[in-house]
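*Asks:* I'd like to ask some things about the structure below.
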Amino acid sequence: MASMRDIKRRKGSIQSTQQITKAMKLVSTVKLQRAKQRAEQSRDYFSCMYETVVSMLAKAGNINHPYLKAGASSRKGIIVITSNRGLAGGYNSNVTKLITQGNFDKQDAELYIIGKKGREILQRHGYRVREDYSDIVEEPVYADAMEVSKKVLSDFAKGEIGEIYLAYTGFKNTVVHEPKMLKLLPVELETQAGNKGSAGGQESRAPMNFEPAEDAALDMIIPKYVTSLIFGGLVEAVASENGARMQAMDSATSNAEEMIDHLTLMYNRARQGSITQELTEIIAGANAIS
């Protein structure tokens, strides 16, 4: 059995760790409330943006525009949103698994990283980081998403990447966070195949006219569409990160409490054994003298 000194030292160390986990849980809870409200308020807009653009392009017929067809390059640009800090359970690893366990060859993947932890994990797996925007994940604003969007679309237009994906964590509620992989470009029109109109169960095929011309309209719409989805992913990722960290710190605090209780019991047993041994020695010494 460990000595009382060792048990007391270990108990003190765990108590110090427990104070840290409690403080981190409190900070994450406060941040979560603000991030949760922001994510819930913006979710409808970004969902509607995605559905509207895809539906519009599905009804517009065949349009010859660079943003609507796969580029000549086989390389895939992946925007990966993780966090800059750990201690959030499986939050970061769940996002990176979408890439490491997905259909993305290391030689063809070009990563646009938002979050230091994702960069570290994916670099260890041998993936190439093309751009790093980790600073914007702390307090994302629309201008940050626009900066990422401009770079990715520029590389797509130049033919350096042929497809654009977004990997992030969708926020459902405080305890449920779902890693998602969304294809931004070329737009997958088949996702609208199941949408039916209200009359006779037939798919709506209202004609789609563009004003100004198709190219000019899409040159304005597609960048806003990509920027909006990136910003929506950032907002939901921040809420998910704080929710995951709050849960992880709550579990760590509970585990620390259990360990402290166990060490307290061990300490009391060791103390009782020490006292019993001292009494035995005193009694044996007294008997020897008499």
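*Asks:* For region 270-290, give me the residue count where each residue is surrounded by 13 or more Cβ atoms within 10 Å (Cβ to Cβ) and without any contact (Cβ under 8 Å) to a residue 40 or more places away in the chain.
*Replies:* The number of residues fulfilling the criteria is 0.
*Asks:* Turning to a different aspect of this structure: Looking only at region 127-174, count every residue that is touching a residue at least 40 places away in the same chain (Cβ under 8 Å), surrounded by 15 or more Cβ atoms within 10 Å (Cβ to Cβ) and either of a type outside the set (Val, Ile, Thr) or not in a helix (DSSP H, G or I) (or both) and tell me the total.
*Replies:* Selection size over region 127-174: 23.
*Asks:* In addition: Report the residue count in region 81-126 for those that are out of contact with any Asp or Glu (no Cβ under 9 Å at 6 or more places or on another chain), touching a residue at least 24 places away in the same chain (Cβ under 8 Å), assigned to a loop (DSSP other than H, G, I, E, B) and more than 15 Å from residue 166 (Cα to Cα).
*Replies:* Result for region 81-126: 6.
*Asks:* If I go through region 64-80 residue by residue, how many of them are charged (D, E, K, R) and either part of a loop (DSSP other than H, G, I, E, B) or more than 15 Å from residue 182 (Cα to Cα) (or both)?
*Replies:* 2
*Asks:* Right, here's the next one. Just one of (1) more than 28 Å from residue 248 (Cα to Cα); (2) among the basic types (Lys, Arg); (3) surrounded by 14 or more Cβ atoms within 10 Å (Cβ to Cβ) trips up residue 5, so point out which.
*Replies:* (3)
*Asks:* Of these, 75, 34, 43, which one is surrounded by 15 or more Cβ atoms within 10 Å (Cβ to Cβ), closer than 19 Å to residue 234 by Cβ and basic (Lys, Arg)?
*Replies:* Sole residue among the options that is surrounded by 15 or more Cβ atoms within 10 Å (Cβ to Cβ), closer than 19 Å to residue 234 by Cβ and basic (Lys, Arg): 43.
*Asks:* Moving to a separate point now. Taking interchain pairs and intrachain pairs at least six residues apart, which have beta carbon atoms under 7 angstrom, with the first residue in region 233-249 and over 15 Å from residue 167 (Cα atoms) and touching a residue at least 12 places away in the same chain (Cβ under 8 Å) and the second among the β-branched types (Val, Ile, Thr) and in a helix (DSSP H, G or I)?
*Replies:* Within 7 Å, the pairs are 246/29; 249/21.
*Asks:* Next question, about the same structure. In region 55-90, how many are polar (S, T, N, Q) and closer than 17 Å to residue 156 by Cα?
*Replies:* Filtering region 55-90 down to residues polar (S, T, N, Q) leaves 55, 62, 64, 73-74, 82-84.
Retained after the next criterion (residues that are closer than 17 Å to residue 156 by Cα): 64, 73-74.
Within region 55-90, residues that are polar (S, T, N, Q) and closer than 17 Å to residue 156 by Cα number 3.
*Asks:* So, one more: Restricting attention to region 250-266, does a residue exist that is modelled with pLDDT of 90 or more, over 14 Å from the mean Cα position of the chain (by Cα) and within 30 Å of residue 44 (Cβ to Cβ)?
*Replies:* Within region 250-266, the subset modelled with pLDDT of 90 or more is 250-266.
When the remaining residues are screened for being over 14 Å from the mean Cα position of the chain (by Cα), the result is 250-266.
Now restrict to residues that are within 30 Å of residue 44 (Cβ to Cβ): 250.
Yes: region 250-266 contains one or more residues that are modelled with pLDDT of 90 or more, over 14 Å from the mean Cα position of the chain (by Cα) and within 30 Å of residue 44 (Cβ to Cβ).
*Asks:* To continue, here is another question. Can you tell me which residue among 28, 73 is under 20 Å from the mean Cα position of the chain (by Cα) and closer than 29 Å to residue 111 by Cα?
*Replies:* From the options 28, 73, the qualifying one is 28.
*Asks:* Ok, one more. With 121, 81 as the choices, which residue is crowded, with 19+ Cβ neighbours inside 10 Å and either of a type in the set (Ser, Thr, Tyr) or out of contact with any Gly (no Cβ under 7 Å at 6 or more places or on another chain) (or both)? Before the answer, list the steps.
*Replies:* Details: 81 fails: either of a type in the set (Ser, Thr, Tyr) or out of contact with any Gly (no Cβ under 7 Å at 6 or more places or on another chain) (or both).
The unique qualifying residue is 121.
The values are calculated or read from the model by the stated rules, or taken from the named source; none is laboratory data. All figures in this text were calculated on a predicted structure; none of them were measured in a lab. Quick reminder, even Gly has a Cβ in these numbers, built from the backbone with ideal geometry, and neighbours come from all protein chains shown.
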